[in-house]
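Visitor: Next up is a structure, given as structure tokens.
The values are calculated or read from the model by the stated rules, or taken from the named source; none is laboratory data. Bear in mind the structure is a predicted one, so any value in this text is a computation, not a measurement. Here Cβ is always computed from backbone atoms with ideal geometry, including for glycine, and neighbour counts include all displayed protein chains.
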Amino acid sequence: MNRLFSDIPTTVFEVMSVLARETGAVNLGQGFPDDPGPEDVRRKAAEAVVSGWNQYPPMMGLPELRSAIAAHYAHWQGLDLDPEREVMVTSGATEALAGALMAILEPGDEVVLFQPMYDAYLPLVQRAGGVAKFVTLKPPHWHFDEADLAAAFSARTKAVLFNNPLNPAGIVYGREQLELLARFCVKHDAIAICDEVWEHVVFDGLSHISMLSLPGMRERTVKIGSAGKIFSLTGWKVGLVAAAPDLIRVLAKAHQFLTFTTPPNLQAAVAYGLAKDDSYFTGLRSGLQRSRDRFTAGLHGLGLAVLPSAGTYFLNIDIAPLGESDDVAFCRRMVQSHGVAAIPVSAFYAVDPVTTVVRFCFAKRDATLDAALGRLAALAGAEAL
Ligand code: PMP
Ligand code: GLN
């Protein structure tokens, strides 16, 4: 068997969700909302199954969805995309990431990764023959500077894989950091694979800036989105890819042999959903921001050290003030003895991990968050003893 996959453990998200089910814990680990998602979008998907076309849709995606993606990004992010030459639909952002890496990398090419990173990145880079070069981000600010990039980029850099807003840190990088990264991409003639799945989940009046809109990046950026995050339907796995024609042409070759296409009813429903009024998208943000604030206040009330979150479904706590230095052991104890599942952030590092940060998903109903806080009160009390 292939050594890479036979040697890696099951993803931490699955491990923690299984533990949560077995122990009856409140699951604030794996990132999925309690919210069932907008009913009109779900009805569209149901209608499309019952009355629509259920055979293979076009490989690049339903034309109405590709047009809706271009219109949506024009409206929300000021992008000018040609739906026929610059947009593709995949089966989730995960397929888009895997396909982009397969399409772009040659064996031995270097890829700059920012850790903490979504756990799929490194195995996908390595399986595609890439050699990872890391920029290490640390709490509380998770920033990178020119020296960090200079140490990671080289003459062999083919691509950079960049996630903004950043899961698990909950940070939203602004124009200054994006411009710095763009300068390095241009200087090293590197392609930026930009995982922007959390683009609509930003708080405090922030707006998402796509790397595609930065000077010098239009021809060298692969922008990846996920309908699962935009509509709180994480199981749907509909990925939205935008890139210049020369890039998308090759990305499509990888896509054609990975999944070829994506369920047509979900595509029809996503096309409908992307055209919804602004109020849906601003409501998504304000609802999640409210949950973030409620959970943050509750954690503060327990005396826990909360790191700020400006986007994503996630916030983190620093467990060092509790005298803890092992986030994995802490999370195991928390789920087994206190009935709350979370994710140890060290799982998002490949080397030199930060081991004192724990991630919670706050995209939950008040009752779920309050139940978790009730259980964590016992933990905070026990730690104080
Ligand atoms: N990238 C990041 C940063 C994510 O957080 C996630 C899922 N939470 C994905 C990719 C995967 O998206 P999808 O479910 O559309 O494959
Ligand atoms: N992206 C989700 C998270 O960060 C999990 C996705 C998965 O389970 N693979 O929690």
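Visitor: So the check is Cβ under 9 Å with 6+ separation or different chains; which pairs have a first residue in segment 236-249 that's on the phi > 0 side of the Ramachandran plot and a second one that's of a type in the set (S, T, N, Q) and more than 16 Å from ligand 2 (Cβ to nearest atom)?
Guide: Here the result reads K237/T262, each pair linking segment 236-249 to a residue that is of a type in the set (S, T, N, Q) and more than 16 Å from ligand 2 (Cβ to nearest atom).
Visitor: Select from segment 198-246 the residues that are more than 16 Å from ligand 1 (Cβ to nearest atom), under 18 Å from E179 (Cα atoms) and of a type outside the set (S, T, Y) and list them in ascending order.
Guide: Within segment 198-246, L206, I209, L212, L214, P215, G216, M217, R218, E219, R220 qualify.
Visitor: Still on this structure: Let me spell it out: the conditions are (1) crowded, with 16+ Cβ neighbours inside 10 Å; (2) more than 16 Å from ligand 1 (Cβ to nearest atom); (3) farther than 24 Å from D370 by Cα; (4) of a type outside the set (D, E), and A45 meets all of them except one. Which number is the exception?
Guide: Here A45 meets the rest and fails (2).
Visitor: Quick check on segment 253-296: of everything there that is buried (at least 21 other Cβ atoms within 10 Å of the Cβ) and among the hydroxyl-bearing types (S, T, Y), which residue is nearest to M60 (Cα to Cα)?
Guide: T262
Visitor: Another question about this same structure. Can you tell which of M102, M88 is more than 16 Å from ligand 2 (Cβ to nearest atom), aliphatic (A, V, I, L, M), assigned to a strand (DSSP E or B) and surrounded by 18 or more Cβ atoms within 10 Å (Cβ to Cβ)? Full working, then the answer.
Guide: On the way: M102 fails: assigned to a strand (DSSP E or B).
Exactly one residue qualifies, and that residue is M88.
Visitor: To continue, here is another question. How many residues are over 22 Å from A182 (Cβ atoms), within 16 Å of ligand 1 (Cβ to nearest atom) and touching a strand residue (DSSP E or B) at 6+ places or on another chain (Cβ under 7 Å) when one looks only at segment 113-148?
Guide: Summing the residues that are over 22 Å from A182 (Cβ atoms), within 16 Å of ligand 1 (Cβ to nearest atom) and touching a strand residue (DSSP E or B) at 6+ places or on another chain (Cβ under 7 Å) in segment 113-148 gives 1.
Visitor: Here is a further query. Within segment 317-366, restricting attention to residues that are assigned to a loop (DSSP other than H, G, I, E, B) and among the aromatic types (F, W, Y), which residue is nearest to V26 (Cα to Cα)? Full working, then the answer.
Guide: First, pick out the residues of segment 317-366 that are assigned to a loop (DSSP other than H, G, I, E, B): 319, 323-326, 339, 342, 349-356, 362-365.
From the residues that got through so far, the ones that are among the aromatic types (F, W, Y) too are 349, 362.
Working: Y349: 25, F362: 11 Å.
Filtering segment 317-366 for residues that are assigned to a loop (DSSP other than H, G, I, E, B) and among the aromatic types (F, W, Y), the one nearest to V26 (Cα to Cα) comes out as F362.
Visitor: Right, something else. Just give me the residues in segment 185-215 being crowded, with 24+ Cβ neighbours inside 10 Å and among the charged types (D, E, K, R), in sequence order.
Guide: Scanning segment 185-215 gives D195, E196, E199.
Visitor: Need a quick list: helices (runs of 4 or more DSSP H) entirely within segment 1-70 having at least 2 residues that are farther than 17 Å from L233 by Cα and at pLDDT below 95.
Guide: Working: elements: 3-7, 12-23, 39-51.
Of the helices (runs of 4 or more DSSP H) lying wholly inside segment 1-70, those with at least 2 residues that are farther than 17 Å from L233 by Cα and at pLDDT below 95 span 3-7, 12-23.
Visitor: Just checking, how many residues over segment 163-180 are more than 16 Å from ligand 2 (Cβ to nearest atom) and either within 28 Å of G108 (Cα to Cα) or more than 18 Å from the chain's Cα centre (by Cα) (or both)?
Guide: 6
Visitor: Could you list, in sequence order, the residues of segment 133-162 that are more than 17 Å from D189 (Cα to Cα), of a type in the set (A, V, I, L, M) and crowded, with 18+ Cβ neighbours inside 10 Å?
Guide: V135, L137 - these are the residues of segment 133-162 that are more than 17 Å from D189 (Cα to Cα), of a type in the set (A, V, I, L, M) and crowded, with 18+ Cβ neighbours inside 10 Å.
Visitor: Restricting attention to segment 10-41, and to residues there that are more than 16 Å from ligand 2 (Cβ to nearest atom) and either touching a helix residue (DSSP H, G or I) at 6+ places or on another chain (Cβ under 7 Å) or without any contact (Cβ under 8 Å) to a residue 60 or more places away in the chain (or both), which single residue is nearest to L288 (Cα to Cα)? Spell out the reasoning first.
Guide: Residues of segment 10-41 more than 16 Å from ligand 2 (Cβ to nearest atom): 22-24, 36, 38-41.
Okay, now just the ones that are also either touching a helix residue (DSSP H, G or I) at 6+ places or on another chain (Cβ under 7 Å) or without any contact (Cβ under 8 Å) to a residue 60 or more places away in the chain (or both), so 22-23, 38-39, 41.
Details: E22: 28, T23: 27, P38: 14, E39: 18, V41: 19 Å.
Step by step, filter segment 10-41, then rank; the result is P38.
Visitor: Which condition from (1) out of contact with any strand residue (DSSP E or B) (no Cβ under 6 Å at 6 or more places or on another chain); (2) small (G, A, S); (3) within 16 Å of ligand 2 (Cβ to nearest atom) is the one that S51 breaks?
Guide: So S51 meets the others, but not (3).
Visitor: Right, something else. Consider E110 carefully, then state whether it is crowded, with 19+ Cβ neighbours inside 10 Å, more than 16 Å from ligand 1 (Cβ to nearest atom), touching a residue at least 40 places away in the same chain (Cβ under 8 Å) and acidic (D, E). Lay out the reasoning, then the answer.
Guide: Working: crowded, with 19+ Cβ neighbours inside 10 Å: yes; more than 16 Å from ligand 1 (Cβ to nearest atom): yes; touching a residue at least 40 places away in the same chain (Cβ under 8 Å): yes; acidic (D, E): yes.
It is true that E110 is crowded, with 19+ Cβ neighbours inside 10 Å, more than 16 Å from ligand 1 (Cβ to nearest atom), touching a residue at least 40 places away in the same chain (Cβ under 8 Å) and acidic (D, E).
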